[in-house]
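Read through the structure below, which is laid out as structure tokens, and then see the notes.
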Amino acid sequence: MGYSKDEVSAMKAAAVPHKARASTKYIVIHCADTPPKMDIGVAEIRQWHLKNGWSDIGYHFVIRRTGRLERGRPLDAVGSHVKGYNAISVGVCLVGGRQAKSGKPENNFTNEQWHQLYWVVSKLVEEYPDAKVVSHHDLDKGKACPSFDAQTWWLMNHWQHVSPSKNAFRYA
């Protein structure tokens, strides 16, 4: 029985030695800088990063257009997603973030992605309660990524979920 391209890529990545992250101060939200109709995942992004000379995909998680969550690097490993902060951060990448025609940054994420992002960030905050949720562009001023303000998004959404208000939006 043969293996798919994705399975082979995952097996190769599992064999890559990763350095353990000693602390986690940031949960960094990224975008793949892809147009809305391009639904890629860990396998494709891993190939891009390998072509850049990296040892593996830089992100710990990728959220596809369908909302499917895919694991990249091991959660306890140092990432390769934001220069100067890789040793103290976890990287989460949303597929999308670029306008189809102009190529300019665009907040074009699907409802499924927003739901999954909230879930994964909630779990990461439970695991790393002192970590701050930020956008890539907060740590690298030359970037537009992820095409929205992740810190404000997290504060607004998290507040709604912990609010005692009957009208607060809650996930089932």
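Bear in mind that the values in this text are calculations on the coordinates, not laboratory data. As the structure is a prediction and not an experimental result, all values here were calculated from the model. When we count neighbours, we look across all protein chains shown, and the Cβ atoms used for this are built from the backbone with ideal geometry, even at glycine.
By count of other Cβ within 10 Å, fewest leading, how are S23, S89, S55 ordered?
Going from least to most buried by this count: S23, S55, S89.
Which trypsin sites (Lys or Arg not before Pro) in the range 71-112 sit in a loop by DSSP (not H, G, I, E or B) and have at most 15 other Cβ atoms within 10 Å of their own Cβ?
Within the range 71-112, the qualifying trypsin sites (Lys or Arg not before Pro) (loop, at most 15 other Cβ atoms within 10 Å) are K83, K101.
Which of L139, L117 has the fewest other C-beta atoms within 10 Å, and how do the rest follow up to the most?
L139, L117
Rounded to whole Hz and in sequence order, give me ³J(HN,Hα) for the range 22-32 from the Karplus expression 6.51 cos²θ - 1.76 cosθ + 1.60, θ = phi - 60°, writing x for Gly and Pro.
Each residue of the range 22-32 in turn: 7, 8, 10, 9, 9, 10, 9, 9, 10, 10, 7 Hz.
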